[in-house]
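Heads up, the thing below is written out as structure tokens.
Read-outs: derived from the displayed coordinates by stated rules, not from any lab. Small disclaimer: the values here were computed from a predicted structure and weren't measured. Note that we place each Cβ from the backbone using ideal geometry, even for glycine, and neighbour counts take in every protein chain shown.
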Amino acid sequence: MIIYGVAALAACHLAGVILGDLLGIILGVESNVGGVGFAMLLLIFATDWMRRTGRLPPVSEQGILFWSAMYIPIVVAMAAQQNVVAALAGGPVAILVGLAATVACWALVPVVARIGGQDAPLPPLVAQEG
Amino acid sequence: MQMILDLLAKNGLVFAFVTIGVVMWISYQLSDRLTAGRLHGSAVAIIIGLLLAWIGGTMTGGSKGLADVPLFAGIGLMGGAMLRDLAIVSTAYGVDIREIRKAGVAGAAALALGIVVSFVVGAVIAAAFGYTDAVSMATIGGGAATYIVGPVTGTALGASSDVIALSVAAGLLKAVLVMIGTPLVAPLIGLNNPKSAMAYGGLMGTTSGVAGGLAATDKRLVPYGAMTATFYTGLGCLLGPSVLYLALLAVTGG
């Protein structure tokens, strides 16, 4: 059933976020530390195990793939509720800081990506699916 | 008319699906016809989303963009942290765990470097504009990391509210720039494989920026970038008011 896939995804999400909150408390910060990252790792391992033991038939898989396909529309909805007005109203200091920090970090991407050898690019996309 | 508006507001999330569907369709049409597909449809959609957020924010004076307009409140649920994170987690399905292991060191280095560099850049510019006390410099430096690290650092250190507002604005601008700029700079910085995406997430840190920017570049890179970016804000909140503030204090002498 499709709900099994959705439920597995949701359970991994919650378990990861709980782990991230606990880590935040242990480190003494008022923030979630890596919750979504833990959730992603949990999902990778859990679905791998489910597939190997035959507990993830293609129908259940659809429950995860649906949300994955909804990702871009959800990100667009996220963009539509950003505080763009405040971002632009911060005056020259805020604009310079935001701009300079972004550009400086962009420049560092090739440097860091080279640590441990450079990777080949992904093959070009063939079919466009949204 | 009023009846229909009430009905749409009551079915907010469902109406949001229609609204975003229309935005996506218009975006892909624009991408095809005006840029011959060179600027990806999802990049156009995100820019339109930000534009709508600006219009909504100007109309209502609220802080949640279009979602502050009662009719479009459903956008707030659809694009809110809950569904956004669920969708981000779902993109990890089918990710190659070997790629993550291979890029682990680069990812960790990216996180440390990303936080420190943003912080230093923010603190130096703050000082250049006359914010020379260590507390203000640390707060604005935190804002250069993300719009959450700034206020958390500022609150912990007792910064003034206008400095905290500045740090939020700087962080928000960074998120917006990353969303729009990623597809444009991707070819220049070699952002085309899982490893560089993990470095990217760790360096930029803003989850919303990285999530949107990578989606508009190549959706297959999203899980790798999101994986590292999700550690950034927490680490920033940890380092900002402590190690980085103390280092600043030592440099400025108080």
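Quote the FRET efficiency, to the nearest 0.05, computed for B:Ala9 versus A:Ile18 with a Förster distance R0 of 56 Å and r equal to the Cβ-Cβ distance. Mind dumping the intermediate values first?
Numbers: r = 34 Å, r/R0 = 0.60.
Once rounded, the FRET efficiency stands at 0.95.
In the elastic network of chain A, a GNM with C-alpha springs shorter than 10 Å, the most mobile of A:Ala86, A:Ala46, A:Ala11 is A:Ala86.
The modelled label-to-label distance between B:Leu71 and B:Gln2, using points 7 Å beyond Cα along the C-beta direction, is 1.6 nm. For a straight C-alpha distance cut-off of 27 angstrom, the lysines reachable from B:Lys64 (same-chain residues fewer than eight places away being disregarded) are B:Lys10, B:Lys174, B:Lys219. For the residues of B:105-113, the average number of beta carbons from a partner chain within 10 Å of their own beta carbon is 4. Between the stretch B:45-102 and the stretch B:147-200, the alpha-carbon centres lie 16 Å apart.
So, counting K/R as plus one and D/E as minus one, what does the shell of residues with Cβ under 14 Å around A:Met1 add up to? Walk me through the numbers on the way to the answer.
Working: positive: A:Arg55; negative: A:Glu61.
Residues near A:Met1 contribute 0 overall.
Per-residue ellipticity at 222 nm from helix content only, as computed over chain B with -39500 (n - 2.57) for each DSSP H run of at least four residues, stands at -25000 deg cm²/dmol.
Report the FRET efficiency, 1/(1 + (r/R0)^6), for B:Met82 and B:Thr252, where r is their Cβ-Cβ distance and R0 is 35 Å, rounded to 0.05. Please report the intermediate quantities before stating the final value.
Values: r = 41 Å, r/R0 = 1.17.
It comes out at approximately 0.30.
Inter-chain neighbour count for B:45-56: the average number of beta-carbon atoms from partner chains within 10 Å of each residue's beta-carbon is 6. Computed over neighbours whose Cβ is under 15 Å from that of B:Pro241, the net charge equals -2, Lys and Arg +1, Asp and Glu -1.
Placing a label point 7 Å from the Cα of A:Asp48 along the Cα-to-Cβ line, the residues of the stretch B:184-203 whose backbone N sits under 19 Å from it are B:194-195, B:198. Partner shielding of B:125-136 amounts to 2, given as the average count of beta-carbon atoms from other chains within 10 Å of each residue beta-carbon.
Axis of helix B:207-217 versus longest Cα principal axis of chain B: the two differ by about 60°, to the nearest ten degrees.
Summing +1 for each Lys or Arg and -1 for each Asp or Glu, what net charge is found among the other residues whose Cβ lies under 14 Å from the Cβ of B:Leu77?
Values: positive: B:Lys10, B:Lys64, B:Arg84; negative: B:Asp68, B:Asp85.
Net charge around B:Leu77: +1.
Within the listed set B:Leu113, B:Leu51, B:Leu86, the residue fluctuating most in the Gaussian network model of chain B (springs between alpha-carbon atoms under 10 angstrom) is B:Leu86. Here the label points at B:Gln29 and A:Gln62, each 7 Å from Cα along the C-beta direction, are separated by 3.0 nm in the simple model. Counting only aspartates and glutamates at least 8 places from B:Lys102 when in the same chain, those with an alpha carbon closer than 16 Å to its own are A:Asp119.
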